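Let me begin by presenting the structure, written as structure tokens, before commenting on it.
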Amino acid sequence: MPFEIGMLTFGEITEDPLTGELPSPRTRVRETIEQAQLADEVGLDLFAVGEHHRSDFVGSAPALLLAAAAEKTRNIRLTSAVTVLSSEDPVRVWEQFATLDLLSAGRAEIIAGRGSYTESFPLFGYDLADYADLFREKLDLLLAIREQNPLTWTGKLRAPLVDADIAPRADGDTIPIWVGVGGSPASAISTGQRGLPMAMALLLGRLRQHEGTAALYREAASQAGHDPSSMPISINAHGYVGRTSQGARDEMFPYFAQGMADNNHQRGQGMNLSRAAFDAQSSPSSGLLVGSSQEIIDKLMTYHEVYGLSRALLQMGFGGLPQKLHLETIERLGTEVAPVVRREVAARERTAAA
């Protein structure tokens, strides 16, 4: 299957560690749409917006940002990364993304996840004790909505639906629904059993640390009667494409370290990342995608070799990277990295099939 490359953002509002400037929410929102427009122009396959419900992010309503992006783009697919489905109403999620699908002429996708940040649970009145059960039941309902209208459905944690007309419908036949998996074996197995595409998140650590996750996913898919070779897997990872190897590291580090300190899971209790630790995370055996265009090409090819990936989403603005640098790295990803990776993966797969 064709290899897809895209970018994702959560729209962090982080103080610039070099200038002390703090972007306004309005500025960050407009910059996010500008990033989508450039990503489309340089030929990237996907633009993704994550969901966090705190004042140091503007991405609490991904469908709205994606709808604005739809009006500024022509070809790029538009997806959440992720929709925190456990604290959402699947009916409303479908309505929003079906509307996005109509606005964008069939370019909408959903990556549904449990959410690694948990602010949305008390915000919307959910109990964290139901974390796993909420996701399972709501994913079942979202998939049922996608397949059937009108719909009659009964669950344990939501009011039933009786012959419910859920509209609009997708622009085309359907809307792709992926499942975001952070590494939990149970999540990988469940996703494989359902026959759904799996989006793995690798924030820091070894490049190969999800090998077991991918193996469990494919084994579960096979046992459930699905063809594992036809089921897409993607990686969502932090990245930055610089003009040179050293320059990329020097430019990304101060912002990435600031993001780890300020925007990590618990505000004010973030991770202090040293330069030595950052450099180690950018080595060929580690998951961070930072370096020259050739380094990013090489590492994405390694990801493909290890996991059989068909998609990679790079989060390149973490920590409030200045817009100028963010746009430059988007352009390099689209013009220097993506064409080569797509060509090399296609050649590798032709050789394997011969």
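Restricting region 99-129 to residues that are in a helix (DSSP H, G or I) and over 19 Å from the mean Cα position of the chain (by Cα), which is farthest from Thr191 (Cα to Cα)? Explain how you work it out, then say what you get.
Filtering region 99-129 down to residues in a helix (DSSP H, G or I) leaves 99-103, 120-123, 128-129.
Checking which are over 19 Å from the mean Cα position of the chain (by Cα) leaves us with 99, 102-103, 121-123, 128-129.
Details: Thr99: 26, Leu102: 27, Leu103: 29, Phe121: 22, Pro122: 26, Leu123: 27, Leu128: 21, Ala129: 21 Å.
Looking at the filtered set, the residue picked out is Leu103.
So Leu64 fits all but one of (1) within 18 Å of Ala201 (Cβ to Cβ); (2) among the hydrophobic types (A, V, I, L, M, F, W, C); (3) open to solvent by 30 Å² or more (accessible area, probe 1.4 Å); what number is the exception?
(1)
Can you tell me which condition Ala276 does not meet? The list is (1) open to solvent by less than 20 Å² (accessible area, probe 1.4 Å); (2) out of contact with any helix residue (DSSP H, G or I) (no Cβ under 7 Å at 6 or more places or on another chain); (3) modelled with pLDDT of 95 or more; (4) of a type outside the set (S, T, N, Q), and all the others hold.
(1)
Tell me which strands (runs of 3 or more DSSP E) are completely within region 163-264 and hold 1 or more residues being open to solvent by 30 Å² or more (accessible area, probe 1.4 Å) and either in contact with a strand residue (DSSP E or B) (Cβ under 6 Å, 6 or more places away or on another chain) or at pLDDT below 95 (or both), or say none if there are none.
In region 163-264, 198-202 are the strands (runs of 3 or more DSSP E) which contain 1 or more residues that are open to solvent by 30 Å² or more (accessible area, probe 1.4 Å) and either in contact with a strand residue (DSSP E or B) (Cβ under 6 Å, 6 or more places away or on another chain) or at pLDDT below 95 (or both).
Looking only at residues that are in a loop (DSSP other than H, G, I, E, B) and β-branched (Val, Ile, Thr) in region 42-70, which one is nearest to Arg311 (Cα to Cα)?
Selected residue: Val42.
Does Thr9 fit the bill of being within 23 Å of Leu325 (Cα to Cα), buried (at least 18 other Cβ atoms within 10 Å of the Cβ) and among the polar types (S, T, N, Q)?
yes
List every residue pair whose Cβ atoms lie under 7 Å apart, where the two residues are 6 or more positions apart in sequence or sit on different chains, the first residue falls within region 295-317 and is assigned to a helix (DSSP H, G or I), and the second residue, located anywhere, is modelled with pLDDT of 95 or more and basic (Lys, Arg).
Filtered contacts from region 295-317: Val306/Arg208.
The values are calculated or read from the model by the stated rules, or taken from the named source; none is laboratory data. Note that the structure is a prediction, hence the values are computed from the model and not measured. Note: ideal-geometry Cβ built from the backbone for every residue, glycine included; neighbour counts use all protein chains shown. Keep in mind that these areas ignore ligands, DNA and RNA; they rest on the heavy atoms of the full protein, side chains included. Shrake-Rupley method; radii C 1.70, N 1.55, O 1.52, S 1.80 Å.
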